[in-house]
Amino acid sequence: MQLPAVRVVWLGRAQYAELLALQDCWLRRLQAEPVPKAQEGTEAGALLLCEPAGPVYTAGLRGGLTPEETARLQALGAEVRATGRGGLATFHGPGQLLCHPVLDLRRLGLRLRTHVAALEACAVRLCQLQGLQGARARPPPYTGVWLGGRKICAVGVRCGRHITSHGLALNCSTDLTWFEHIVPCGLVGTGVTSLSEELQRHVTVDEVLPPFLVAFKETYRCTLISEDS
C-alpha cells in the first residue's frame with residue numbers, strides 16, 4: 001500500500017513573517033486544487049519547519065494581549081502578531097522548533113481533533129526519543145505536551161475547508177525568560193520548560209529535527225518528500 005505523501009520544507013533560522021508567507025502560499029495552493037478522492041499515493045500538503053530568527057509573541061483567535069501589553073512587549077524588542085490559530089498568547093523565538101503542517105485532512109483520512117492529537121503525539125514521541133519518558137498530553141482544557149506541570153510544547157491550529165495551518169512550537173534551547181512577560185496560553189500557575197532544561201545540556205533545533213520527522217512520519221502514516229523552500 002502506497003501511503004499519502006507530505007512535502008517537508010525546512011526554512012532553517014527564519015523570520016516568523018517568512019514562515020507565515022510560505023504558509024499562505026501553500027494554503028492557496030491546496031485550496032485551489034479539486035476536492036481529493038480517496039486514493040493511494042496522493043500528496044496531502046506540506047510540513048513547514050523553521051527556527052524563529054527573533055523573539056515573537058503571537059495571539060490566537062481568543063486574543064490574549066491588550067494594546068497596553070502589546071506596547072510593553074514591543075518595548076522589550078519583540079515582534080507582536082495576531083494570528084488565526086486557536087488559543088491565546090504564546091512566545092516563539094530562537095531555540096524553538098516551529099512546525100506548521102499545511103495539510104488536506106481528507107487526503108490523510110483525519111478529522112481536526114485527530115490531527116491535534118497527532119501533533120501532540122509527535123512531540124511526545126520526540127521527547128521519548130530524547131530520553132524524557134514522562135512527556136504527556138493533558139486532557140482539555142489543556143493542549144500541547146507537558147512534563148509534570150511544565151509545558152514543553154505548545155499546540156495551536158487553524159482549519160478551514162479541511163485544510164490545516166499553524167501547528168506546534170517545541171522548546172529546545174529557548175530562552176524561557178521571554179515567557180515571564182505573558183501568561184502562556186492563558187494558563188495561570190503553570191510553568192514552561194525546554195529539552196535543554198530537562199536534559200541539562202544544550203539541545204539544538206538541528207539536533208531534534210531528524211527524530212521529529214521520524215515521529216511525524218510514524219504518527220501520520222505518510223511518506224515525507226524533502227523540498228527546498
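Can residue 174 be described as buried (at least 21 other Cβ atoms within 10 Å of the Cβ), in a loop (DSSP other than H, G, I, E, B) and under 18 Å from the mean Cα position of the chain (by Cα)? Explain how you work it out, then say what you get.
Numbers: buried (at least 21 other Cβ atoms within 10 Å of the Cβ): yes; in a loop (DSSP other than H, G, I, E, B): yes; under 18 Å from the mean Cα position of the chain (by Cα): yes.
Yes: the conditions hold for residue 174.
Let me spell it out: the conditions are (1) within 30 Å of residue 31 (Cα to Cα); (2) assigned to a strand (DSSP E or B), and residue 123 meets all of them except one. Which number is the exception?
(2)
Among (1) of a type in the set (S, T, N, Q); (2) assigned to a helix (DSSP H, G or I); (3) under 15 Å from residue 115 (Cβ atoms), there is one condition residue 143 misses while meeting the rest; what is its number?
Against the list (1) of a type in the set (S, T, N, Q); (2) assigned to a helix (DSSP H, G or I); (3) under 15 Å from residue 115 (Cβ atoms), residue 143 comes up short only on (2).
What residue, of 59, 46, is over 19 Å from residue 22 (Cα atoms), touching a Leu at 6+ places or on another chain (Cβ under 9 Å) and assigned to a strand (DSSP E or B)?
Values: 46 fails: over 19 Å from residue 22 (Cα atoms).
Being over 19 Å from residue 22 (Cα atoms), touching a Leu at 6+ places or on another chain (Cβ under 9 Å) and assigned to a strand (DSSP E or B) holds for just one of 59, 46, which is 59.
Go through 214, 155, 203 for me and flag whichever is part of a helix (DSSP H, G or I), in contact (Cβ under 8 Å) with a residue 24 or more places away in the chain and within 25 Å of residue 14 (Cβ to Cβ).
Numbers: 155 fails: part of a helix (DSSP H, G or I); 203 fails: part of a helix (DSSP H, G or I).
Result: 214 is the single residue among 214, 155, 203 that is part of a helix (DSSP H, G or I), in contact (Cβ under 8 Å) with a residue 24 or more places away in the chain and within 25 Å of residue 14 (Cβ to Cβ).
Checking residue 88 against (1) in a helix (DSSP H, G or I); (2) in contact (Cβ under 8 Å) with a residue 40 or more places away in the chain, only one condition comes out false. Which one?
It fails just one condition, (1).
Can you work out which of the residues in the stretch 21-36 that are assigned to a helix (DSSP H, G or I) and free of Cβ contacts under 8 Å to residues at least 40 places away in the same chain is nearest to residue 96 (Cα to Cα)? Break it down into steps so the answer makes sense when it comes.
Filtering the stretch 21-36 for residues assigned to a helix (DSSP H, G or I) gives 21-32.
Adding the requirement that they be free of Cβ contacts under 8 Å to residues at least 40 places away in the same chain leaves 21, 24-25, 28-29, 32.
Numbers: 21: 19, 24: 21, 25: 23, 28: 27, 29: 27, 32: 32 Å.
In this case the residue turns out to be 21.
Bear in mind that the values in this text are calculations on the coordinates, not laboratory data. It should be emphasised that the depicted structure is a prediction, and the values quoted were computed from it without experimental measurement. For neighbour counting, all protein chains shown are included, and Cβ atoms are generated from backbone atoms with ideal geometry for every residue, glycine included.
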